[in-house]
Structure formats: structure tokens, C-alpha cells
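Written out below as C-alpha cells is the structure these notes cover.
All of the numbers you see were taken from the coordinates with simple rules; none came from a lab. What you are looking at is a predicted structure, and each value in this text was computed from that prediction instead of being measured. Here the Cβ is made from the backbone with ideal geometry for all residues, glycine too, and neighbour counts use every protein chain on show.
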Amino acid sequence: MTSRTFAAVAVAAVLGSATLAAQRGPAATAAHLPADVLGLACAPRAALEIPNTPLRITGGQDAGIRQTHAPGDLITINAGSQNGIEVGQEYYTRRVLIAEREEITPLTPATVMTTGWIRVWAVEERLSLATITHACDTIDVGDFLEPFALPTVPTPASNKPKPERDNYARVLTGESRKRLFGKGDYFLLDRGSNQGVTPGAQFVIYRNKPQPENFLYDLGEAVAVDVKADSSTLQVTVSRDAIMEGDLVAIRK
């Protein structure tokens, strides 16, 4: 069977019908996940180098060519049984966002945006069909895949030690490289486990106003919800004013 005919035959077999006009997957259902788990699953991450992303979305089952997809659409991924893909496997779909004319470095990391997650529906040797389980954003051709696992939301400690002084990290970007944040938003931090950050660690966020002989302004608080070696994802828990990219962050330690 050729790859060109595989998709149509696979859809017909699963739907039990010879009519392929729609070629859509099972109707989308609610995720039925707690809001904090769903939010963390969709939260951004930092990348200090371009990720190795061999598994990608390569298209959809439509009469025309379409770049973006949503729950209910059938999408094609560029791997099949030869690559260990099996029906029922789930994957995150993610996208790397890089600032224009800016290299990826520890000081200027890329943002990895989670666009949703998918479930494999039909498999041949070199291609597979998948349905979109949940969309955090539009799911686009070119988005890459990583194995899916629900995140564990960390519980912050009940005590609040004083924040460290003169050892400030900085607020980086957030989802879709946004640069302003309020309560409940996620942003990236340029510190991780190598710098003593742990899941559930608490932080105070400051604004360094350009005024001599003045105190830092206490903007709010945040908690680490996902920690990598040299970067972390924080969620804002208190916001007294808009938090901005470049604001200072001190860990309570």
C-alpha cells in the first residue's frame, strides 16, 4: 500500500464507511483535568539550544493544504511502525519560538511553546495518523513531538523564608514570548536545579527603578512549577503590578 492511499484507507477502516468527505477523527472530548494540571501541561519551557526534534507534524487530512489544526482534525506525523509508533501512544506537540536576529544562549534562550497533545490513531510503516486530544493553541505543521505524561503540580512549602539578596535571577519570556505577566501567568527564569532551584521553590519578584538611593519595589511572588538544569518555569501567585521581562527574582531560601 502506498503512503498516498494509506491515510484514506485507514480512515475508512476505522470509521467503517466508504465516504471520506470529512476525514475527521473522533469528536473532541473535554480533558477532565484539574485546572492547575492543565495549565502546567500547557506552560512554556526554555531551551538553551535547538531541541533535537525528529518527530514532527507534516500535514492534515484535508482536500487542500492547511497549516493549522484543531481538536477533531486528523493530522499526519512523519513516523510509523518502523520507528516504534503504535496506536494509542500520546505525544505533546511543541514549537520553538526564537526572537528575530537573536542567537540562542543562556542569556537569550528560546521559548518552547506547548501547543497541545495528540493520540496516535492509525499506523503504517513510515507514516501515522493522529487525533488532537487537547489544544493549548493552534497545532501547526512543523510542530515537533515529545512523549506525553501528565505533569505533577508541586506543593509550595507553608513557611516563607526571607528572599536572598544580591543574587537575583531575571524574568525571561512566557507563553508565545509574552513579556508582561499577572497572577496565574507562567514565565521563564534563567536559573534551574544547577543553581539550587527545586519544584515548589518560592520567589519574590522586584522592580529595580532607576532612582538612586531607593529600595527595590516588591512586585509580587511566584513558585517554581517545572525545573530544568539551567532554567525553570514559574507561576505568578501574587501580582501587585504588571511583571515584566527583565524584572529581578529572588529565591526564598
Could you sort the peptides 109-120, 51-62, 190-201, 206-217 by per-residue average Cβ neighbour count (10 Å cutoff), highest mean leading?
109-120, 190-201, 51-62, 206-217
Through the Karplus equation 6.51 cos²θ - 1.76 cosθ + 1.60, θ set to phi - 60°, convert the phi angles of the range 154-161 into ³J(HN,Hα) values in whole Hz; use x for Gly and Pro.
x, 9, x, 5, 6, 7, 10, x
Can you give me the angle between helix 3-15 and the longest principal axis of the chain, using Cα atoms only, in degrees from 0 to 90, rounded to the nearest 10?
90 degrees
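Give, in nm to one decimal, the length gained when the segment between residue 82 and residue 218 is fully stretched (0.36 nm per residue of separation minus the Cα-Cα distance). Present the calculation step by step, with values, prior to reporting the outcome.
Working: separation 136, 0.36 × 136 = 48.96 nm, distance 5.49 nm.
Here the segment from residue 82 to residue 218 would lengthen by 43.5 nm.
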For the range 192-200, 3J(HN,Hα) per residue [Karplus equation, 6.51 cos²θ - 1.76 cosθ + 1.60, θ = phi - 60°, Hz, x = Gly/Pro]:
x, 5, 5, 10, x, 7, 10, x, x
How many angstrom separate the Cα center of the range 204-223 from the Cα center of the range 112-177?
29 Å
Positive end of the charge dipole of the chain (Lys, Arg +1 and Asp, Glu -1 on Cβ, about the Cα centre): tell me which of 204, 187, 59 has its Cα farthest that way.
204
Counting helices only, and only those DSSP H runs with n ≥ 4, report the 222 nm mean residue ellipticity of the chain as the sum of -39,500 (n - 2.57) divided by its residues, in deg cm²/dmol to the nearest 500.
-2500 deg cm²/dmol
The answer for residue 46, listing residues at least 5 apart or on another chain whose modeled amide H is closer than 5 Å to its amide H, is 112
Taking amide hydrogens as modeled 1.01 Å from N in the peptide plane, which residues meet the under 5 Å criterion relative to residue 85, leaving out close sequence neighbours?
80
Which cross-chain or sequence-distant (5 or more) residues have an amide H under 5 Å from the amide H of residue 237, H modelled 1.01 Å from N in plane?
184, 221, 222, 223
Quick note on 228, 253, ordering by fewest other C-beta atoms within 10 Å, gives 253, 228
Once you place label points 7 Å from the Cα toward the Cβ at residue 242 and residue 56, how far apart are they in nm?
3.5 nm
Principal axis lengths of the range 169-251 from Cα atoms, whole Å, largest first?
35, 25, 19
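Starting from 0.36 nm per residue, how many nanometres of slack lie between residue 68 and residue 194 once their C-alpha separation is accounted for? Provide the component values of the computation, followed by the final result.
Values: separation 126, 0.36 × 126 = 45.36 nm, distance 3.74 nm.
Extending this stretch completely gives an extra 41.6 nm.
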